[in-house]
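The values are calculated or read from the model by the stated rules, or taken from the named source; none is laboratory data. Fair warning: this is a prediction, and the values are worked out from it, not measured in the lab. We place every Cβ from the backbone using ideal geometry, glycine too, and count neighbours over all the protein chains shown. For the accessible areas, the whole protein counts, side chains as well, though only heavy atoms, and no ligand, DNA or RNA atoms are used. Shrake-Rupley method; radii C 1.70, N 1.55, O 1.52, S 1.80 Å.
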Amino acid sequence: GEKDYQCVFETQDEEGHRGVRLSKDIVKVAGKCMEKNMTTIGPYVLPLSEQIKVVYSLMVRFFFKTLRKTLTSAGKEKWAVNLPHPKVFVPDFKRGIDHFCIHAGGRAVIDGIEKNMKLELFHSEPSRMALLNFGNTSSSSIWYELEYIQEKQTTNPLRKGHRVMQVAFGSGFKCTSGVWLKL
């Protein structure tokens, strides 16, 4: 919506200098956008075992939501209130992806994605090295990171059959990802 569109916006300051304005909502918007992106790409890259866990958790949530509504409409609010509120299972993308190229828009971006996806330090190493060596190059950082994985990473070397996921953000607000297979 409009809030998402306005979180990264090119504008002028009071002195007439053009620049990019980032709103306080950017982290929340980015998280929501990335969640949609991962939901879309998940079925293509996650093993069946992770997909089954997601479907099962959604079914359990639907069952309890329906039961809660049924009990409430039958006048059994006390029972409905005591029913559990199961959380949606968050799949482990490390089960289907070997390497991650994360948009190196800053340390906070890398830290946030690393935490939310429960990545190991060696997964975020290419992003941190791209940020250290080239600075914030925005979404183009994913290509520097891919080169780092191919040429320099020793903690998790690229091997035949490995999958590399690239995740980048853009204004408007957009999140895009791609997965490469090492032949």
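Residues in segment 159-174 that are crowded, with 18+ Cβ neighbours inside 10 Å and part of a loop (DSSP other than H, G, I, E, B): F173 alone.
Only one of the listed residues (I97, I149) is closer than 26 Å to K32 by Cβ and either small (G, A, S) or in contact (Cβ under 8 Å) with a residue 40 or more places away in the chain (or both). That residue is I97. Taking first residues from segment 156-183 that are free of Cβ contacts under 8 Å to residues at least 40 places away in the same chain and partners that are among the hydrophobic types (A, V, I, L, M, F, W, C) and open to solvent by less than 20 Å² (accessible area, probe 1.4 Å), the Cβ contacts under 6 Å between residues at least 6 apart in sequence or on separate chains come to W180/V164. Report whether or not K36 is at pLDDT 85 or above and either buried (at least 17 other Cβ atoms within 10 Å of the Cβ) or under 18 Å from the mean Cα position of the chain (by Cα) (or both). The answer is yes for K36.
Within segment 118-140, residues that are farther than 18 Å from E151 by Cα sit with their Cβ atoms under 8 Å from residues that are among the aromatic types (F, W, Y) and crowded, with 18+ Cβ neighbours inside 10 Å, at 6+ positions apart or across chains, in these pairs: L119/F100; T137/Y144; S139/F169.
Yes/no per residue for (1) touching a strand residue (DSSP E or B) at 6+ places or on another chain (Cβ under 8 Å); (2) in contact (Cβ under 8 Å) with a residue 12 or more places away in the chain:
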{"position": "Y5", "(1), (2)": "no, yes"}
{"position": "Q12", "(1), (2)": "yes, no"}
{"position": "H17", "(1), (2)": "no, no"}
{"position": "V20", "(1), (2)": "yes, yes"}
{"position": "V29", "(1), (2)": "no, yes"}
{"position": "K36", "(1), (2)": "yes, yes"}
{"position": "L46", "(1), (2)": "no, yes"}
{"position": "V55", "(1), (2)": "no, no"}
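Would you check if V8 is touching a Ser or Thr at 6+ places or on another chain (Cβ under 7 Å), hydrophobic (A, V, I, L, M, F, W, C) and open to solvent by less than 60 Å² (accessible area, probe 1.4 Å)? Criteria met by V8.
Please work out if V179 is within 25 Å of V27 (Cβ to Cβ), in a strand (DSSP E or B) and open to solvent by 40 Å² or more (accessible area, probe 1.4 Å). Yes, satisfied. If you go through segment 148-158 and keep only what is outside any helix (DSSP H, G or I) and open to solvent by 30 Å² or more (accessible area, probe 1.4 Å), you end up with K152, T154, T155, P157, L158. Taking the criterion of being open to solvent by 70 Å² or more (accessible area, probe 1.4 Å), within 11 Å of the chain's Cα centre (by Cα) and acidic (D, E), no residue of segment 90-133 qualifies.
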